[in-house]
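Below is one structure; the comments refer to it alone.
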Amino acid sequence: MSMSGVTIVSSDSERKQFIDFQYDHYKDDKYFVPPLRMDQKKLIDTKKNPFFNNAEIALFIAEHNGQVAGRISAVVDHRFNEYHGRKTGHFGFFECIDHQPTADLLLRVAEDWLRDKGMEDVLGPASPGMMDVLGFLVDGFEKYPYILMPYTKPYYEKLVLNAGYDKDMDLLAYLVDKESISLDRMNKAKTIVMKRNPGLVIRPVKLKKLKEEIKIVQHIYNKTWKDNWGFLPLTTEEFEVLAEELKMVLDPDFAHIAEIDGNPVAFSVAIPNLNEIFKDMDGRLFPFGIFKLLLGKRKIKGVRTALMGVLPEYQGKGIDALLHQKSIENGFPRGVTESELSWVLGNNKDMIRVAERIGGRVDKVYRMYTKKL
């Protein structure tokens, strides 16, 4: 069904168009890493993605001069709104040619759909939700993104600002590498932290007991971040799906739980930067991508700390820095020379301090935008 150059996606062929547009749109961008097509398909599948147990989505495609020229999603995440006491809709999966009228049209149809659902403001991009891929890249275009981080066109910020949006929050990606890391400083800090917390032990995540480990991570994560911008507690089902997806890449050298006197107080999950392999796979795992993945996993140079949490009563004690240090130390003998900490909220002074203390520097900046409806 079309409306003035915009199609509301309803058929399988339109869903395929929606997914495929991203790959065509970036085919000349050196630093774009094509995500796996099967993952993209699952993300928007309302039956397979547990996110949609509490959320609604509409997908739109825009045409210009007879060609697909852009796409967008509109999402109402009921759980997000209940938790925050808001009526906020989200736009996401935004891709568009450098043409303001097409961008205006896409954003307008998403806003109209959200308004019809009773929403009062819009926040994005979130693809599809606030625990998924967020933001437009605004700084760091001459570098490959790390796993599960977006790469977007430099003109996107201009398109959304011209459509009446304002900056809402910056999300920072810190990079620690062999050049920037201060091992002496880290070791001194470690001695102090261990002295102050004599019962502290940092252990690897037990892959054979993943279900129990996931419960620990869920409890700490939901307690740690509950007062932060954009936070949404993850359900057990969402964590289990996440664990299932991470199982193939989860590595005990880079996933840890910190315990004090045997009680879990913090965790850190860093994942190998599979984008180093995905960049040459065109988003396809089969028939040959799977071999590239299996052979390339051993040669990966970077990891990304994607999930982390320290129980509120144990924050500010240096435990988070120790967790990072553990992954970095474990990585060096394996040829892993870079670690990205992402993302860090632009207003989270504590996490920024931790990142800087271990020798991190801001490598990329992503941005979220908002608009009253």
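Of note:
- Cβ pairs under 6 Å, 6+ apart, first in segment 155-171 and on the phi > 0 side of the Ramachandran plot, second buried (at least 17 other Cβ atoms within 10 Å of the Cβ): GLY164/LYS371
- Pairs linking a residue in segment 62-91 that is in contact (Cβ under 8 Å) with a residue 60 or more places away in the chain to a residue that is assigned to a strand (DSSP E or B) and not small (Gly, Ala, Ser), with Cβ atoms under 7 Å and 6 or more positions apart or on different chains, are ASP77/HIS90; PHE80/THR88; GLY89/VAL75; GLY89/VAL76; GLY89/VAL122.
- Some residue of segment 2-13 being surrounded by fewer than 18 Cβ atoms within 10 Å (Cβ to Cβ), more than 27 Å from VAL241 (Cα to Cα), in contact with a helix residue (DSSP H, G or I) (Cβ under 9 Å, 6 or more places away or on another chain) and of a type in the set (S, T, N, Q): yes
- Only one entry of ILE214, ILE192 meets the criterion of being in a helix (DSSP H, G or I) and surrounded by 14 or more Cβ atoms within 10 Å (Cβ to Cβ), and that entry is ILE214.
- Among the conditions (1) crowded, with 23+ Cβ neighbours inside 10 Å; (2) over 20 Å from the mean Cα position of the chain (by Cα), the only one that VAL75 does not satisfy is (2).
- With respect to the conditions (1) crowded, with 17+ Cβ neighbours inside 10 Å; (2) over 20 Å from LYS153 (Cβ atoms); (3) not charged (D, E, K, R), VAL33 falls short on a single one, namely (2).
- For segment 217-254, a residue qualifies if it is out of contact with any strand residue (DSSP E or B) (no Cβ under 9 Å at 6 or more places or on another chain), of a type in the set (D, E, K, R) and either more than 18 Å from MET130 (Cα to Cα) or exposed (fewer than 15 other Cβ atoms within 10 Å of the Cβ) (or both), and the qualifying residues are LYS226, ASP227, GLU237, GLU244, GLU245, LYS247.
- Selection from segment 195-205 of residues that are touching a residue at least 12 places away in the same chain (Cβ under 8 Å) and outside any helix (DSSP H, G or I): ASN197, GLY199, LEU200, VAL201, ILE202, ARG203, PRO204, VAL205
- Within the span defined as segment 116-128, every residue fails to be among the hydroxyl-bearing types (Ser, Thr, Tyr) and outside the structural domain of ARG71 (by TED's automatic domain parsing).
- Residue check, ARG298 free of Cβ contacts under 8 Å to residues at least 24 places away in the same chain and either charged (D, E, K, R) or in the same structural domain as VAL201 (by TED's automatic domain parsing) (or both): yes
- Residue selected from segment 128-147 under the condition in contact with a Lys or Arg (Cβ under 7 Å, 6 or more places away or on another chain) and of a type in the set (A, V, I, L, M, F, W, C), by the criterion surrounded by the fewest Cβ atoms within 10 Å (Cβ to Cβ): VAL138
The values are calculated or read from the model by the stated rules, or taken from the named source; none is laboratory data. This is a predicted model, so every value here is computed, not measured. Don't worry about glycine lacking a Cβ; one is built from the backbone with ideal geometry, like all the others, and counts go over all protein chains shown.
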